[in-house]
Amino acid sequence: MNYISDESVAQWVRQSKNLLDSLNIGFNLVDMGDNILEVNDSFLKMTESRAEDIIGHNVSEFYKKADYEKMRNLEVSLQKQGNFQYEFFVTTTSREKIPALINISTIVDREGRPIYQLSLITDIREQKKIQAELETLNQDLSASKETLQNEKNKLEAILFGIGDCVTVFDRKGNLILSNPKGKEIRGERLTPLLSLESGNRGNIALSIGNENRHFFAQIEAIQNTQGKVYAFAEILRDITDQKRLAEKEQELFRLTQEMKRNKLESEFIGVSRAMQKVF
């Protein structure tokens, strides 16, 4: 609490009103009976009022009885701190409640008795709006995380029943999960084997234990209910046996052709140039 003479209070009001108006901060001066003695233009603009509608009136006139008592009890509990602040609201002439941050300084006389209260009122509607949007965003994020976790659980249940190697990555290429076959085949590999582009395909060879195995790899996009891609599945299908069979078929074809050629050479007889061309 501060001692300031009546003349000093009047001087402070004159000097500070323009500054507070430029900062869009409301100001009012009340006596200890909550009678309003002075306000600035920012406060009038905030409450959509005229000076004659405010000055000379009691603060209690602008609040419902329960709200006024709540505000006064709050101030009484904080007055021990001298200067203090709290969140409450001010009302407009249309009874709209404007959320505000209220800073209060108590002025005392020479004997230390409170005689005035200086209130600085900051309109925090925009801050409250942003706070509400952030809370909504946090709720949406929590719901999205819960949905994502549920989808992940479903996906894991499905993947565990698939014989192919299936590994899921987020859009940045970070490994999210892999089915048992995937863990067996990929081992310590944590990064995609193909670039994460939907529809990307190719044949790759991997060393697994002491054996080289061949796989057909493909990338499939995973979308949410809005159609937005949030992950990619890399699917590896083991084609080692098919590849070896294809190689054996090629070798068999080569041997068959060679045997046919040898048989023809043994059955045909002739030394002329024309026969040599046939051979």
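The values are calculated or read from the model by the stated rules, or taken from the named source; none is laboratory data. Given the structure is predicted, the values throughout are model-derived calculations rather than measurements. Neighbour counts are summed over all protein chains in view; Cβ atoms, including those assigned to glycine, are modelled from backbone coordinates with ideal geometry. These area figures cover heavy atoms from the full protein model, side chains too; ligands, DNA and RNA do not enter into them. Shrake-Rupley method; radii C 1.70, N 1.55, O 1.52, S 1.80 Å.
If amide hydrogens are placed 1.01 Å from N in the peptide plane, which non-local residues have theirs closer than 5 Å to the one on V108?
Residues meeting the amide H criterion: N2, Y3, I4, I115.
GNM, the chain, Cα, under 10 Å: largest mean-square fluctuation among N210, N83, N179?
The residue that fluctuates most here is N210.
Using Cα pairs closer than 8 Å and at least 6 residues apart in sequence, work out the relative contact order for the stretch 32-85, in percent.
34 percent
Calculate the dipole size of the chain relative to its Cα centre from +1 charges on Lys and Arg beta carbons and -1 charges on Asp and Glu beta carbons; express the result in debye to the nearest 20. Intermediate results must be reported in sequence, preceding the final value.
Details: 38 positive and 42 negative charges, 400 e Å.
It comes to approximately 1920 debye.
With a probe of 1.4 Å, find how much accessible area the chain has per residue, and write the answer as a whole number in Å².
66 Å²
Could you calculate the contour length gain from L141 to R189, that is, 0.36 nm times the residue separation minus the distance between their Cα atoms, to one decimal place in nm?
Stretched out fully, the L141 to R189 stretch lengthens by 14.3 nm.
Which of the peptides 249-262, 30-43, 196-209 is most tightly packed, and how do the rest follow, judged by the mean count of other Cβ atoms within 10 Å per residue?
30-43, 196-209, 249-262
In Å, what Kirkwood hydrodynamic radius results for the stretch 178-249 from the alpha-carbon pair distances? Please report the intermediate quantities before stating the final value.
Working: mean 1/r = 0.0735 Å⁻¹.
In the stretch 178-249 this quantity evaluates to 13.6 Å.
Tell me which of F89, I104, Q15 sits at the most positive position along the dipole axis of the stretch 8-157, charges placed on C-beta atoms (Lys, Arg +1; Asp, Glu -1).
Toward the positive end, the furthest listed residue is I104.
Any chance you could list the semi-axes, whole Å, largest first, of the equivalent ellipsoid that the Cα gyration tensor gives for the stretch 214-260, using √(5λ)?
Numbers: eigenvalues 367, 15, 5 Å².
Here the semi-axes work out to 43, 9, 5 Å.
Can you send over the carbon and sulfur percentage of the accessible area for the chain, probe radius 1.4 Å, protein chains only?
52 percent
Under the rule of -39500 (n - 2.57) per DSSP H run of 4 or more residues, summed and divided by the residues of the chain, what mean residue ellipticity at 222 nm is obtained, to the nearest 500 deg cm²/dmol?
So the helix-based figure for the chain works out to -14000 deg cm²/dmol.
Pulled fully out, how much extra length does the chain show between M32 and Q257, if you take 0.36 nm times their separation in residues and subtract their Cα-Cα distance? Before the final figure, lay out each step's value.
Values: separation 225, 0.36 × 225 = 81.00 nm, distance 11.44 nm.
Additional length available on full extension: 69.6 nm.
Would you mind calculating the gained length between V76 and A274 on full extension (0.36 nm times residue separation, minus the Cα-Cα distance), in nm to one decimal?
Contour length minus the Cα-Cα distance gives 58.9 nm.
Please enumerate, by chain and number, the lysines with C-alpha under 18 Å from the C-alpha of K128, excluding those fewer than 8 residues away in the same chain.
K97
Which number comes out as Rg/Rh for the chain once both Rg and the Kirkwood Rh are worked out on C-alpha atoms? Don't jump to the answer; show the numbers that get you there.
Details: Rg = 41.9 Å, Rh = 27.3 Å.
Computed over Cα atoms, the ratio is 1.54.
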